[in-house]
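Chemist: Below are the structure tokens for one structure; questions will follow.
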Amino acid sequence: MAAENCSDGGQDPNPCYLQKFRLYETRSNFYMVGRDKSGTLCRILKIDRLDPSELTVLEDSTTYPEIECYDLLRRIHEGNRSTGGLKFVTACYGIIGFVKFLGPHYMLLITKRRKIGAICGHTIYAISKTQMITIGNSPVQSNMAYSKNEKRYKKLLCSVDLTKDFFFSYSYNVMHSLQRNLCKNETGLLNYETMFVWNEFLTRGIRNNLKNTLWTVALVYGFFKQVELSVSGRDVKLTLIARRSRHYAGTRYLKRGVNEKGRVANDVETEQIVFEDVPEGCPTQISSVVQNRGSIPLFWSQETSRLNLKPDIILSKKDPTYEATKLHFENLARRYGNPIIILNLIKRCEKKPRETILRSEFANAIRYINKSLTKENRLRFLHWDINRHSRKATNVLELLGRVADYALNLTGIFYCQVTPNCRPEGLLDLTCVLQNDEHFAQIPCDKSDDGEKLDIDVGSDNQSSTENVKPPMFQTGVLRTNCIDCLDRTNVAQYAYGLMALGRQLHAMGFTESQTIDQSSPLAEDLMGVYEKMGDTLALQYGGSAAHNKIFCQRRGQWQAATQSQELFRTLQRYYSNAYMDAEKQSAINLFLGHFQPQQGKPALWELDSDQHYSVGRHGPNLLNEDARTSIKRSMSDGNILCGTDSPMSASNVRQESENRGEAISESTHEMPAYGISYSRFTPRMSCRQLFGEIEDQFLGSNRICYENGDECNCTNFDMDWLSSSGNSCDDDAYDSCRSAAGLSSENIGAELKTGMTTSPSESGSNIKVGERSASEVTCDGLMDEYSESFVNWVTHGDLLIPVKFTCQ
């Protein structure tokens with residue numbers, strides 16, 4: 001629900017939010033009375049009940065005092081006394097939306113709510129109870145088949161449990177990041193069109209009719225948790241928000257990869273907000289950082305199987321120029337700015353190739369896309385097989401922390417100081433930020449969705465700026481993490497990133513002298529618990545069971561037998577849910593989001609195949625072209641590859657644009673406005689130039705990439721296995737079998753360093769095991785004839801390593 005003018009004339013400087021509602025009915029109409037938070041101002045909405053085919057909603061533009069509103073209701077009662085008068089129906093806290101199946105329209109209401117947190121005085125609510133009310137007042141149809149289908153659709157929609165994991169706010173745009181809320185003062189209708197508002201379809205009719213959002217609430221689906229922490233004797237509040245995209249939404253095996261518009265399955269934005277818990281009226285400091293997870297943006301799928309715990313991975317080759325993949329990363333760049341850093345956690349070697357097929361194709365896609373991008377905008381692609389290094393949780397989290405440190409050096413975080421005169425009833429914007437005139441004079445104008453420059457109004461009422469006010473910082477770019485499901489492994493990586501970011505946030509707020517937090521500290525334990533809850537919640541939504549938290553359990557020292565039994569139970573729970581429950585769950589999601597809209601005389605939703613679930617509207621099924629199903633690379637559970645060729649792709653094809661690209665990314669607004677100004681970021685503990693030396697430009701800026709099929713060496717960005725100093729590499733025998741299974745030989749392993757390096761914490765830095773060969777024998781087909789200085793420093797000091805002085809033949 002957004003701020004709207006409660007008066008007739010012009011822009012109201014004190015926007016009105018309706019928060020409490022009472023619904024009344026007569027034989028011919030519903031009357032809804034909305035009140036603001038204080039209960040002193042009222043608005044009235046009338047909904048027609050006599051026309052079952054159309055939704056007719058009328059709003060009285062007058063804002064009534066409470067006494068006048070009661071007088072108006074009394075007169076309505078007197079005028080309808082002959083037909084039963086005006087009757088009270090229910091009290092509620094907002095309209096979720098309207099829906100129609102085969103009969104009348106239904107209205108969905110929030111009848112109970114609960115507070116789950118607050119951001120800068122703006123309360124965030126969850127839903128405790130809902131009610132579905134039939135709008136029409138006409139006789140019920142006598143057709144039994146029609147009646148059965150109507151009841152089944154109602155039951156299916158009600159299976160979407162709105163009391164779990166949905167949240168909203170009347171005065172804070174919780175569908176946006178904090179940085180966007182402060183930098184772009186957006187209100188009303190535009191907020192509902194973003195990718196994180198799940199009831200966009202249900203509210204579309206009333207929003208288009210009334211041209212406002214006073215009566216509805218915008219529901220975000222995902223995770224919200226706010227906890228209090230104590231840092232150096234000062235109280236801070238940490239808020240973790242996960243926003244799940246409504247685009248290409250669904251369940252684990254029924255929604256995989258990317259669609260034609262560049263939208264990926266299991267697309268979740270995670271925001272970590274930290275602010276000082278101070279008395280009301282005092283200035284406060286606030287900081288946020290955003291990261292992203294999402295399915296591998298290729299056309300791939302897995303067919304649900306009741307006989308196989310690991311169904312086949314099917315890779316389609318219908319998009320040889322990776323247009324959908326490009327659309328996806330263009331979407332990310334529009335929302336967050338550059339750079340886009342991709343952390344790919346899937347396996348690098350398998351006895352029976354499954355994940356490695358996707359790993360190789362993903363690398364090919366990034367290499368191909370980077371050819372058309374400028375040097376500064378190229379995708380940063382990091383490979384790291386987390387399973388291979390997960391025997392010791394501490395080592396895994398330490399290495400992932402280094403990745404997070406590298407990413408944060410590139411993107412920065414958001415930080416500002418908020419003034420005490422910001423009204424909780426008003427939207428946050430830059431007028432709430434304690435400003436330094438000299439600093440803000442240098443801030444470039446942001447761009448609107450159509451590319452036009454926007455003037456940033458920093459306000460004229462903030463005269464309290466002082467020389468000791470810290471300048472705000474802005475995050476530019478994002479870390480995107482994925483594994484196969486983007487659940488278990490991804491959540492561990494996101495925790496490591498969140499821990500590293502928390503250290504920087506607290507340092508920016510002046511609470512700590514160091515930018516890092518020790519993994520064994522109580523603060524790290526508290527943060528791990530929050531991320532573990534988020535991981536369980538997101539895994540239940542997409543995968544059907546809580547997340548596999550083996551690394552977290554090991555980190556806490558949990559009994560190994562208990563961890564194993566828990567992992568087994570969750571595996572079986574996920575299998576049962578995927579095999580027996582997901583089809584109906586997917587149908588309910590499609591119905592709720594409006595991807596399927598029932599029509600009389602057309603096939604019912606449960607009569608369609610799962611491939612037909614998406615984008616089935618009033619115009620009937622929008623099926624995929626059968627010709628597009630050709631050229632499939634299939635990974636069978638026995639390791640066989642039925643068919644599939646890596647067809648050559650000409651460089652000229654990279655400039656080929658899809659005809660509907662503009663439409664596909666029209667909703668890809670700046671989710672987090674990006675300011676490319678160096679002084680708005682942290683000064684890193686070690687700059688990228690210091691970290692990577694003179695090889696940064698020639699290596700990170702290269703347009704070639706290491707990939708797994710071993711046909712040639714095209715080394716760009718870098719493979720995270722180069723960064724590993726863990727002792728959890730593949731065993732020699734297992735590793736040799738991986739190489740042979742993948743069809744690799746000692747002559748063609750130049751794609752990436754295939755030797756396993758171990759450095760036990762209990763061993764000296766010089767005691768390094770490199771496969772079955774000594775250090776002097778590591779040449780990797782001439783790629784590295786000797787150890788570089790940075791390699792020696794890495795072994796000695798444990799810093800990040802990128803292979804230097806690479807030459808590709």
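Chemist: Within the stretch 186-205, track down each residue that is over 16 Å from the mean Cα position of the chain (by Cα) and of a type in the set (Ser, Thr, Tyr).
Modeler: Of everything in the stretch 186-205, those that are over 16 Å from the mean Cα position of the chain (by Cα) and of a type in the set (Ser, Thr, Tyr) turn out to be Thr187, Tyr192, Thr203.
Chemist: Do we have Ser301 as hydroxyl-bearing (Ser, Thr, Tyr), farther than 22 Å from Thr490 by Cβ and outside any loop (DSSP other than H, G, I, E, B) here? Write out each step before concluding.
Modeler: Working: hydroxyl-bearing (Ser, Thr, Tyr): yes; farther than 22 Å from Thr490 by Cβ: no; outside any loop (DSSP other than H, G, I, E, B): yes.
Against the criterion (hydroxyl-bearing (Ser, Thr, Tyr), farther than 22 Å from Thr490 by Cβ and outside any loop (DSSP other than H, G, I, E, B)), Ser301 does not qualify.
Chemist: Just to be sure before I move on: is Ala118 in contact with a strand residue (DSSP E or B) (Cβ under 7 Å, 6 or more places away or on another chain), at pLDDT below 95 and either part of a strand (DSSP E or B) or closer than 27 Å to Trp606 by Cα (or both) in the structure I sent? Walk me through how you get there before you give the answer.
Modeler: Values: in contact with a strand residue (DSSP E or B) (Cβ under 7 Å, 6 or more places away or on another chain): yes; at pLDDT below 95: yes; either part of a strand (DSSP E or B) or closer than 27 Å to Trp606 by Cα (or both): yes.
Yes.
Chemist: Something else now. If Asn344 satisfies all but one of (1) touching a His at 6+ places or on another chain (Cβ under 9 Å); (2) modelled with pLDDT under 95, what's the number of the condition it fails?
Modeler: Just one mismatch for Asn344, condition (2).
Chemist: Which of the residues belonging to the stretch 354-389 are open to solvent by less than 20 Å² (accessible area, probe 1.4 Å), part of a loop (DSSP other than H, G, I, E, B) and either of a type outside the set (Val, Ile, Thr) or out of contact with any helix residue (DSSP H, G or I) (no Cβ under 9 Å at 6 or more places or on another chain) (or both)?
Modeler: The answer is Leu379, Trp384, Asp385.
Chemist: I would also like to ask the following. Looking at (1) part of a loop (DSSP other than H, G, I, E, B); (2) in contact with a Lys or Arg (Cβ under 8 Å, 6 or more places away or on another chain); (3) at pLDDT below 90, which is the one condition that is false for Phe511?
Modeler: (3)
Chemist: Let me ask something additional. Residues that are within 21 Å of Arg334 (Cα to Cα) and aliphatic (A, V, I, L, M): does the stretch 192-213 have at least one?
Modeler: Yes, some residue in the stretch 192-213 is within 21 Å of Arg334 (Cα to Cα) and aliphatic (A, V, I, L, M).
For (1) without any contact (Cβ under 8 Å) to a residue 40 or more places away in the chain; (2) outside the structural domain of Glu303 (by the TED database); (3) closer than 21 Å to Glu398 by Cβ; (4) buried (at least 20 other Cβ atoms within 10 Å of the Cβ), each residue gets a yes or a no:
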| site | (1), (2), (3), (4) |
| --- | --- |
| Asp518 | yes, no, yes, no |
| Asp526 | no, no, yes, no |
| Tyr531 | no, no, yes, yes |
| Leu540 | yes, no, no, no |
| Ser545 | yes, no, no, yes |
| Asn549 | no, no, yes, yes |
| Glu567 | yes, yes, no, no |
| Tyr576 | yes, yes, no, no |
| Ala583 | no, yes, no, no |
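Chemist: Please enumerate the residues belonging to the stretch 226-250 that are open to solvent by less than 10 Å² (accessible area, probe 1.4 Å) and either in contact with a Cys (Cβ under 9 Å, 6 or more places away or on another chain) or in a loop (DSSP other than H, G, I, E, B) (or both).
Modeler: Once the filter is applied, which keeps residues that are open to solvent by less than 10 Å² (accessible area, probe 1.4 Å) and either in contact with a Cys (Cβ under 9 Å, 6 or more places away or on another chain) or in a loop (DSSP other than H, G, I, E, B) (or both), the stretch 226-250 yields Ser245, Ala249.
Chemist: Yes or no: Arg555 open to solvent by 10 Å² or more (accessible area, probe 1.4 Å), among the basic types (Lys, Arg) and closer than 30 Å to Asn377 by Cα? Step through it out loud before you land on a result.
Modeler: Values: open to solvent by 10 Å² or more (accessible area, probe 1.4 Å): yes; among the basic types (Lys, Arg): yes; closer than 30 Å to Asn377 by Cα: no.
The answer is no for Arg555.
Chemist: So how many residues does the stretch 357-391 have that are modelled with pLDDT of 90 or more and either among the hydroxyl-bearing types (Ser, Thr, Tyr) or touching a Gly at 6+ places or on another chain (Cβ under 6 Å) (or both)?
Modeler: Selection size over the stretch 357-391: 5.
Chemist: Just one of the numbered conditions (1) assigned to a helix (DSSP H, G or I); (2) free of Cβ contacts under 8 Å to residues at least 40 places away in the same chain; (3) touching a strand residue (DSSP E or B) at 6+ places or on another chain (Cβ under 9 Å); (4) not acidic (Asp, Glu) is not true of Ser82; which one?
Modeler: (3)
Chemist: Next question, about the same structure. Out of (1) in contact (Cβ under 8 Å) with a residue 24 or more places away in the chain; (2) touching a strand residue (DSSP E or B) at 6+ places or on another chain (Cβ under 9 Å); (3) not in a strand (DSSP E or B), what's the single condition that is false for Arg27?
Modeler: Result: Arg27 passes all but (2).
The values are calculated or read from the model by the stated rules, or taken from the named source; none is laboratory data. Quick caveat, the model's predicted, so the values are computed rather than measured. Cβ atoms come from the backbone with ideal geometry, glycine included; neighbour counts cover every protein chain shown. In case anyone asks, the SASA skips ligands and DNA or RNA and just uses the protein heavy atoms, side chains included. Shrake-Rupley method; radii C 1.70, N 1.55, O 1.52, S 1.80 Å.
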